[in-house]
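These notes concern the structure reproduced below.
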Amino acid sequence: MRKQTTTTVLVTAPKLAKAGVDLLAEAGARVIYLKNADSVEEVEHLMATEPIDAVISRTVKLSAKAIAACPTLRVISKHGVGVSNIDVEAATERGIPVYVTPGANAQSVAEMTLGLMFAAARRIGWMDRELHEGRWSRAQDGVELRGRTLGLVGFGQIGQRVATVCLALGMEVVAFDPALKAGASPVAGVRMLPSLEALLSLSDVLSLHVPLNKHTRNMLGTSQFAAMPRGAILVNTARGEVVDEPALIDALQNGQLHAAGLDTMAQEPLPAGSPLAALPNVVLTPHVGGSTPAALAGMASGAARNVLGWLQGQPTDPSACVNPQVLRSNTSITSEVTA
């Protein structure tokens, strides 16, 4: 058994929602926060100089170098579900489990998806800017969604919530998810399709709900946009790198796509001078789909429970671990957190 009086948890952000802070405080944990939420160097410095037992990872990169530099590290939890910023392979090699908080922000992201869809279809962002700048520009070329087909790429908790609302709007809804393609749809009225190709040709609106991995990186490019109905709408609340951004810009400029609503981009923060920011048919938000107070509280408490559960020898749901082979190799956990 490893004896210690205080557990140290690094939160790779300047703050954590109170729900998570309270759980860590009850466990007597010492919590370290980043001063700069985007500083990989600060993360690596803290991991090399502090006796960190657990990391609650936000958006900044948690590199193999950082993981290797911290011999005391025992568990990592993402504050959310996307682990593309965490070197999971490096953690696995060390026998360190990496957890996520599935479902904690599903409603928030689903509502952002719907907001972006409506805004892109009706050019709400462009008209808002026009009026703020003193011009009475009445765009009357918006897309009415009733009767259109929504294609969902990925059909987990977020996609299912979006589907339920869009069915109520009178849209047709189809979905593709490799994990579900052989089974019935979990939402009545949604038709499951066998491939992305089959989905694209039907999708007047295409909404992305997939993780970023080697299979999904640049999943949508020139040929995929060309396969969609002309004048289609793209909504991306997943990860920016899922889309070939230059191909997206071309499709928006040449009219193959009517509009796009993007909460995620290939490079974040969006660099100054990005062509996306200059396009009048693009609605942009700064990767905040899962950042309502309710969602932040759910992710913070979920991440805190993940790391404390592992450290206290009472691991949380194994389905929330993205490298479950580590759980199988750690059948006896005897560490304790004490005040």
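Quick test of your reading of the structure: ASN213 fulfils all but one of (1) within 19 Å of MET265 (Cβ to Cβ); (2) surrounded by 19 or more Cβ atoms within 10 Å (Cβ to Cβ). Name the failing condition by number.
(2)
If you take the residues in segment 159-176 that are out of contact with any Gly (no Cβ under 9 Å at 6 or more places or on another chain) and not polar (S, T, N, Q), which one is nearest to THR216 (Cα to Cα)?
GLY159
Going through segment 310-321 one residue at a time, which ones are out of contact with any strand residue (DSSP E or B) (no Cβ under 6 Å at 6 or more places or on another chain) and either under 17 Å from LEU16 (Cβ atoms) or touching a residue at least 40 places away in the same chain (Cβ under 8 Å) (or both)? If you could, list the steps in order and put the result at the bottom.
Filtering segment 310-321 down to residues out of contact with any strand residue (DSSP E or B) (no Cβ under 6 Å at 6 or more places or on another chain) leaves 311-319.
Correct list: LEU311, GLN312, PRO315, THR316, SER319.
Exactly one of these conditions fails for GLN160: (1) modelled with pLDDT of 95 or more; (2) surrounded by fewer than 22 Cβ atoms within 10 Å (Cβ to Cβ); (3) closer than 26 Å to LEU252 by Cα. Give me its number.
So the condition that GLN160 fails would be (3).
Could you please let me know if LEU199 is aliphatic (A, V, I, L, M), more than 30 Å from THR59 (Cα to Cα), buried (at least 22 other Cβ atoms within 10 Å of the Cβ) and touching a strand residue (DSSP E or B) at 6+ places or on another chain (Cβ under 6 Å)? Give the steps one after another, and end with the answer.
Values: aliphatic (A, V, I, L, M): yes; more than 30 Å from THR59 (Cα to Cα): yes; buried (at least 22 other Cβ atoms within 10 Å of the Cβ): yes; touching a strand residue (DSSP E or B) at 6+ places or on another chain (Cβ under 6 Å): yes.
Judged against the criteria, LEU199 is a match.
With respect to ARG94, is the statement that it is touching a helix residue (DSSP H, G or I) at 6+ places or on another chain (Cβ under 7 Å) and free of Cβ contacts under 8 Å to residues at least 60 places away in the same chain true? Full working, then the answer.
Details: touching a helix residue (DSSP H, G or I) at 6+ places or on another chain (Cβ under 7 Å): yes; free of Cβ contacts under 8 Å to residues at least 60 places away in the same chain: yes.
The answer is yes for ARG94.
Residues in segment 119-145 that are in a loop (DSSP other than H, G, I, E, B) and either free of Cβ contacts under 8 Å to residues at least 12 places away in the same chain or under 29 Å from PRO318 (Cα atoms) (or both): how many? Steps first, please.
Narrowing segment 119-145 to residues in a loop (DSSP other than H, G, I, E, B): 123, 133-145.
Within this subset, residues satisfying the condition of being either free of Cβ contacts under 8 Å to residues at least 12 places away in the same chain or under 29 Å from PRO318 (Cα atoms) (or both) are 133-138, 140.
Of the residues in that region, 7 qualify.
Regarding SER207, is this residue touching a residue at least 60 places away in the same chain (Cβ under 8 Å) and either over 20 Å from THR237 (Cα atoms) or among the polar types (S, T, N, Q) (or both)? Spell out how you get there, then give the answer.
On the way: touching a residue at least 60 places away in the same chain (Cβ under 8 Å): yes; either over 20 Å from THR237 (Cα atoms) or among the polar types (S, T, N, Q) (or both): yes.
When the stated conditions are applied, SER207 passes them.
The values are calculated or read from the model by the stated rules, or taken from the named source; none is laboratory data. Model, not experiment: these values are computed from the prediction. Quick reminder, even Gly has a Cβ in these numbers, built from the backbone with ideal geometry, and neighbours come from all protein chains shown.
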